[in-house]
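Here is the structure we will look at, set down as structure tokens.
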Amino acid sequence: MSHLKCEDLTKTFHRRKVVDGVSLEAWGGEVVGLLGPNGAGKTTIFYMIVGLYRPNGGKIFLNGEELT
């Protein structure tokens, strides 16, 4: 079964921290939602998970293998 784990993700753009210390975990078959107001960093977190952005800090694991 697939397992996604994010530990203490951070992302900064032009010295502005847009994601600060986000951790989450999800298993295959689960439905996960990420809620927050506009500008909270939801899309940035998604982009880091799929590899479009590289986090400035923290780690992303898929099935125990580090992706960052």
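Nothing in this text is a laboratory measurement; each read-out follows from the coordinates by a stated rule. A quick note: this is a predicted structure, and the numbers were derived from the prediction, not measured. Cβ coordinates were reconstructed from backbone atoms using ideal geometry, including for glycine residues, and neighbour counts include every protein chain displayed.
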Sorted from largest down, what three extents in whole angstroms do the Cα atoms of the chain have along their principal axes? 38, 24, 18
Would you grab the residues whose amide H sits under 5 Å from the one on Leu9? Only those 5+ places off in sequence or on another chain, please, with H modelled 1.01 Å from N. Gly21, Val22, Ser23, Lys59
Given the options Gly39, Leu67, Ile49, identify the residue whose Cα lies farthest towards the positive end of the charge dipole of the chain (+1 on Cβ of Lys, Arg; -1 on Cβ of Asp, Glu). Gly39
With an 8 Å Cα cut-off and a minimum separation of 6 or more residues, compute the relative contact order for the chain in percent. 41 percent
Those lysines that a straight Cα-Cα span of less than 16 Å connects to Lys17, excepting residues fewer than 8 apart in one chain: Lys42
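With +1 on each Lys and Arg Cβ and -1 on each Asp and Glu Cβ, and nothing else charged, work out how big the dipole of segment 3-66 is about its Cα centre, in Debye to the nearest 20.
That gives segment 3-66 a dipole magnitude of about 440 debye.
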Check which residues have an amide H placed less than 5 Å from Thr68's amide H, if you skip close sequence neighbours. Ile60
Counting other Cβ atoms within 10 Å, keep those with at most 12, restrict to DSSP loop, and tell me which GluC sites (Glu not before Pro) in the chain are left. Glu30
